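Shown next, in structure tokens, is the structure this report addresses.
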Amino acid sequence: MKKIDFQELILFENEDYLVINKLPYVSTLDDRHEAQNILDLARQYTPDAQVCHRLDKETSGCLVIAKHPEAYRNIAIQFENRKVDKVYHAVVEGIHEYDNLLVDRNIHATNKGIAKITKEGKPAQTYFTTLRTYYGHSLIACRPVTGRLHQIRVHLAHLKTPICGDETYGGKPLYLSALKRRFNLKKDTEELPIMQRVALHAFGIGYEGLKGERIEVEAPYPKDFDVLVKQLEKNR
């Protein structure tokens with residue numbers, strides 16, 4: 001991966017916080033297999049940086065970084081008290097009309113990094129609202145109340161609406177040939193999915209700053225997610 005220009009990722013900045021639009025395929029914290037991660041890049045920009053929450057490596061979008069310990073404590077308390085508002089956008093299989101539908105199912109994270117719904121798991125709640133429906137897919141806004149491992153992905157799979165590309169939880173890759181009637185693949189080439197990762201983007205985040213001000217930030221779609229949505233729009 002080419003060297004990341006951290007400043008290009010910044011969506012919001014004040015003396016206490018940064019909110020960045022995290023790139024897909026970049027780890028939030030240290031990853032032995034990767035030369036770059038968000039925490040290291042943030043500390044090169046502001047030495048006392050602390051990442052305030054995590055996004056899966058494949059997931060893009062809003063990520064809050066505190067510039068100093070007091071700022072970190074302030075938002076950590078809000079996360080603990082479920083006062084941070086987060087909204088993710090997901091492209092899922094099938095046509096579904098959700099209007100603030102609540103999924104309240106306990107989630108247990110296995111030692112293999114897979115999450116499962118079990119009664120013995122930790123409480124997990126997510127609200128789902130349909131933004132757009134297409135010929136065979138839907139764009140869903142997901143508002144997690146809690147922050148369990150793979151929570152949105154598992155709850156959508158529970159609804160039998162897995163996220164496109166999320167093969168861990170039953171989603172299938174989405175190919176252009178499935179959307180375009182007159183799709184011709186070049187000879188001796190293999191078709192790749194439109195999006196080669198889980199179709200999930202952390203679209204927005206809202207929390208209270210140190211002076212009591214409301215901070216709300218939205219992250220534009222990265223190129224792959226944008227291409228997928230535009231392709232679906234053409235085939236409504």
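The values are calculated or read from the model by the stated rules, or taken from the named source; none is laboratory data. Here the structure is a predicted model, which means the values were calculated and not measured. As a convention, Cβ positions derive from the backbone with ideal geometry for all residues, glycine included, and neighbour counts pool all protein chains shown. Accessible surface is based on the protein model in full, side chains and every heavy atom, while ligands, DNA and RNA are left aside. Shrake-Rupley method; radii C 1.70, N 1.55, O 1.52, S 1.80 Å.
Per-structure values
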read-out: Sum of side-chain charges, ASN81 neighbourhood, beta-carbon under 13 Å (Lys, Arg +1; Asp, Glu -1); value: 0
read-out: Sum of side-chain charges, THR161 neighbourhood, beta-carbon under 13 Å (Lys, Arg +1; Asp, Glu -1); value: 0
read-out: Cα gyration tensor shape for region 61-136, rounded if a/c is under 1.5, else prolate or oblate; value: oblate
read-out: Length-normalised contact order of the chain in % [C-alpha pairs under 8 Å, at least 6 apart]; value: 19 percent
read-out: For region 8-85 versus region 156-202, the gap between their alpha-carbon centres in whole angstrom; value: 29 Å
read-out: Burial ranking of peptide ranges 55-63, 159-167 (average Cβ count within 10 Å, highest at the top); value: 55-63, 159-167
read-out: Packing-based order for 179-185, 116-122, 168-174, using average beta carbon neighbours within 10 Å, highest first; value: 168-174, 116-122, 179-185
read-out: P(r) tail fraction, the chain - alpha-carbon pairs more than 22 Å apart, %; value: 56 percent
read-out: Listed residues GLU15, GLU190, GLU93 arranged by accessible area, highest first, probe 1.4 Å; value: GLU190, GLU15, GLU93
read-out: Net charge of Cβ neighbours under 9 Å - reference SER138; Lys, Arg +1; Asp, Glu -1; value: -1
read-out: Three-way shape label, region 89-128, alpha-carbon gyration tensor, a/c 1.5; value: oblate
read-out: The chain: most fluctuating residue of ASP226, ASP40, ASP188 per GNM, C-alpha cutoff 10 Å; value: ASP188
read-out: Residue pairs, from the table LYS122/LYS223; LYS57/LYS122; LYS67/LYS172, whose Cα atoms sit over 31 Å apart; value: LYS122/LYS223; LYS67/LYS172
